[in-house]
Structures are given as C-alpha cells and as structure tokens.
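Colleague: So that we are looking at the same thing, I have put the structure below in structure tokens.
Values in this text are rule-based calculations from the coordinates and carry no lab data. It should be emphasised that the depicted structure is a prediction, and the values quoted were computed from it without experimental measurement. We place every Cβ from the backbone using ideal geometry, glycine too, and count neighbours over all the protein chains shown.
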Amino acid sequence: MRRLAVFGLGYVGSEVAMLASERGFEVTGVDTDSTVVQAAQDAPLTTSERFTATTDGAAAVTGADTVVVTVPTPIDSSFSVDLSALQAVCETVATGLPESPGGTLVVVESTIPPGTVSDIVAPAFEDLGHVPGQDVQLAHAPERIDPGNDEWSLAEIPRVVGADNDSGLDAAVTFYERLLDASIHPVSSTAAAAASKIIENAYRDINIAFVNEIATTLEQLGIDTTEVLDAADTKPFGFTRFSPGAGVGGHCIPIDPYFLIEKATSKDLNSRFLETAREINDKMPRYVADKTIHYLVRSGRLPQHASVLLLGKAFKPDIPDTRNSPYFPIRTALETYDVSIHTYDPLLPSESTVESPYQPVDAVVLVTDHEAFRGLDPERLADRGVEVVVDGRNVLDADAIRAAGLRYAGVGRP
C-alpha cells in the first residue's frame, strides 16, 4: 500500500496528500475543479516529487492500491445532508478500480451519517460487479484535522477506523499505522465510526449552547458570566470549561449534529438536545447584532445613520477560513437595521473593506478572536470616534475600554 489516490483537495484532502507523500507514498490528488488541480500542479502541496494532481479520477484509481475520499458532505437549506459528491466519487472509483490481490482499499474520511457506507458507498461498487470484502475493501475513518492547531498535527491525532468486515478493517488499520504516528482505534463497523465523529462535535455544540444560554440568563440577572466561569473552572474535576460567544462556525460543529438528527427523524425518534443546541447557537449572531444596536441607541446613534466595523470574517482564530462563519449572520442581522458595515480581517485582506481596525466608525464588533485583535488599543479607537465596542468573544480588556470613555458590551456581561 504505497500508491494513494486522494479525492478532494480541500482542507482535509490536501493535508492527507501532503503527509502521505512525505511518508513515502506515491500520491495522486484528484479534484473536479480544474483550477484547484492547476494550483496544486503550479504550487505543489509538498516539495516531494511523489505528488501529482489530476481531474481524471478513474485514471488515478487505476494506478492506486489505496483511495481516500475527502469530498464535502454539506447540508442544504432544509438541514438535510447532501451526499451527491460522495456518491459521484464512489461511482468514479468503482469505474477505475483495478484488479488487486486482496482488493483496493477505499476509505471515506468525509463526515457522513451512520449507515452511509452500507447504503450508498457499497452499492456504488456492487452495481459495477465489485464485491466488498473481496476486490474492494471499504472503510470509514472520520477526519480529525483541526486547521490552525499547531499543537496537534494530522500525524499526531489518534484516529477511529471502522469497517463492516474483518479484511476491510485490517487493511484500513494497516494503512493508517503507516500514515500516522498516532494510535489507531478500530471499531466494529463503519456506522460506529461515523457516529463517533458526530458525537465528538455534538458534544461541543451542546456544551457551547449551554454556556450561551447561561450567559444570556446571567446577563439579565446582572451577573458577569466570565467571572462565574472563572470561578467554576477552579474545580479540579467534574467541570470542563466552554465559553459563550458570537456564534459557532466551521465545517463540523454547526453541521454534523444534523446528520444524526436526520437519521433519528427517519426512525421516528427525536434529538431534543441536538436540536435545542443548534437553535440556541444559531441565535447568537442575532444576539450580538441586537446588542450592538442597543448600545448604539444608548449612545444616541440611530441605526440608519450609524456605521459598524466587524473585526474578523474567519470562523475561528488565526486561520483564513470563512466556512459557516458567524460573521455572515451578524452582518445580515445588522443590515436589517440599515447600518453601514465595514469589515477587517488581517488574514483575509482581499475580503476586507478597510486596512486596519482603527476606523472612523460608531461601533466596533469583535467577531473572530484573532491574536492580532488581543492588543486592540481603546485610546486609538476613541481617537477615531468609536463609541461602542461589542466583544463577541469576551477577550478584550473591558476596564481599559471603559477607561477610554467607550461603552463596552460582552456576551453575558452586564
């Protein structure tokens, strides 16, 4: 297993391709977007000569003994998962599948609902005469890449691997033992592996929703949520700290719970915790926008005559990734008040409308906790005419902001 085809050259696929080529695999990256493939050829993901890129998926599979699938599995406007890209890739792989002793290993790393491998992936191969467990080995190893996390690289993150037969599981475990330095945790089925990924992110979603709800309650009671969390966090056991904020973004936390919600609904079951958490977290961008308008009005500014600078467009600190960022619903909510809106993100200069956080605006709203914003100078903000600072991540120095004569508003902070 030294010839690898990686389908999908986004955040996950590019990392897998880069690591595999560095580990001695001959890697072919596959993407349907010719501009992505051209970029990979012009500026390779790795300096290794063992990496190439193409749009010809069937040809890439013909020369591979292992295939890793990392295509997107988004949700649509009705919160139903769209598996069309995954199905298309499986049909392409099945078309190009070579005869191989023991069968070609095909691993789905894309996040999927439980049952997807048996219901969608396996039939794509069976329809072309391939027998899972014989001439193709199917497995699921949910991706665990954390963009921007220097402490945990892809090679160091333990992986869950599942398959629906022993030969598939053995092949997948062997592959990841060669690819990673981390431990491999095998599970009994692809469905169990899929469920583990959903639970990982639903756990975070539910706990973030809990502190968001607590924050809005404590604020109405005149209690500072940050002070309360600092106090609770002194307990050395039985408490894990999560922080309230302007909203949850990214490709995992706000998406993955719907995979299980949809499955539960198909079995006439409910997922009240998951649904409630999604509802609470989805309301936080509107909460931040409304708070901004409230403080502008308190400062004597009518919304239709006010200007607001949104700091940060990315969904998490210090990465240039805007997928499902709370920036977008915050902006939409502010636009309903006819506010003039500006944007500044130092990691996304081409998507910024201004060149610094110090602008002649009425209010500044911290959306993303970039390190560059931690040292925001309240005096410089005041000199530019700023009157309100809304801290959507509770990381700014509230006392310094107030000392500069500005109104400070945090999440769950009266």
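Colleague: Is there any pair linking a residue in segment 223-242 that is touching a residue at least 60 places away in the same chain (Cβ under 8 Å) and closer than 19 Å to Ala398 by Cβ to one that is part of a loop (DSSP other than H, G, I, E, B) and of a type in the set (Gly, Ala, Ser), with Cβ under 8 Å and at least six apart or on different chains, and which?
Modeller: Asp224/Gly412; Thr225/Gly412; Thr226/Gly412
Colleague: Which condition breaks for Asp321 when tested against (1) under 22 Å from Asp391 (Cα atoms); (2) in contact with an Asp or Glu (Cβ under 6 Å, 6 or more places away or on another chain); (3) surrounded by 18 or more Cβ atoms within 10 Å (Cβ to Cβ)?
Modeller: (2)
Colleague: All but one of (1) acidic (Asp, Glu); (2) touching a Ser or Thr at 6+ places or on another chain (Cβ under 7 Å); (3) surrounded by fewer than 22 Cβ atoms within 10 Å (Cβ to Cβ) hold for Glu91, so report the exception by its number.
Modeller: All conditions pass for Glu91, except number (2).
Colleague: Please state which one of Asp268, Asp256, Asp290 is over 30 Å from Ala195 (Cβ atoms) and of a type in the set (Asp, Glu). Walk me through how you get there before you give the answer.
Modeller: Numbers: Asp268 fails: over 30 Å from Ala195 (Cβ atoms); Asp256 fails: over 30 Å from Ala195 (Cβ atoms).
After applying the criteria, what remains is Asp290.
Colleague: If a residue has to be crowded, with 19+ Cβ neighbours inside 10 Å and assigned to a helix (DSSP H, G or I) to count, how many in segment 144-172 make the cut?
Modeller: 5
Colleague: Hey, could you check segment 63-79 for residues that are among the hydroxyl-bearing types (Ser, Thr, Tyr) and surrounded by fewer than 15 Cβ atoms within 10 Å (Cβ to Cβ) and say which is nearest to the chain's Cα centre (by Cα)?
Modeller: Looking only at segment 63-79, we keep the residues that are among the hydroxyl-bearing types (Ser, Thr, Tyr), and these are 66, 70, 73, 77-78.
Of the ones still in play, those that are also surrounded by fewer than 15 Cβ atoms within 10 Å (Cβ to Cβ) are 77-78.
Working: Ser77: 18, Ser78: 19 Å.
Ranking the candidates gives Ser77 first.
Colleague: Output the residue which, of all residues in segment 215-257 that are in contact with a Pro (Cβ under 9 Å, 6 or more places away or on another chain) and assigned to a helix (DSSP H, G or I), is surrounded by the most Cβ atoms within 10 Å (Cβ to Cβ).
Modeller: The qualifying residue surrounded by the most Cβ atoms within 10 Å (Cβ to Cβ) is Ala215.
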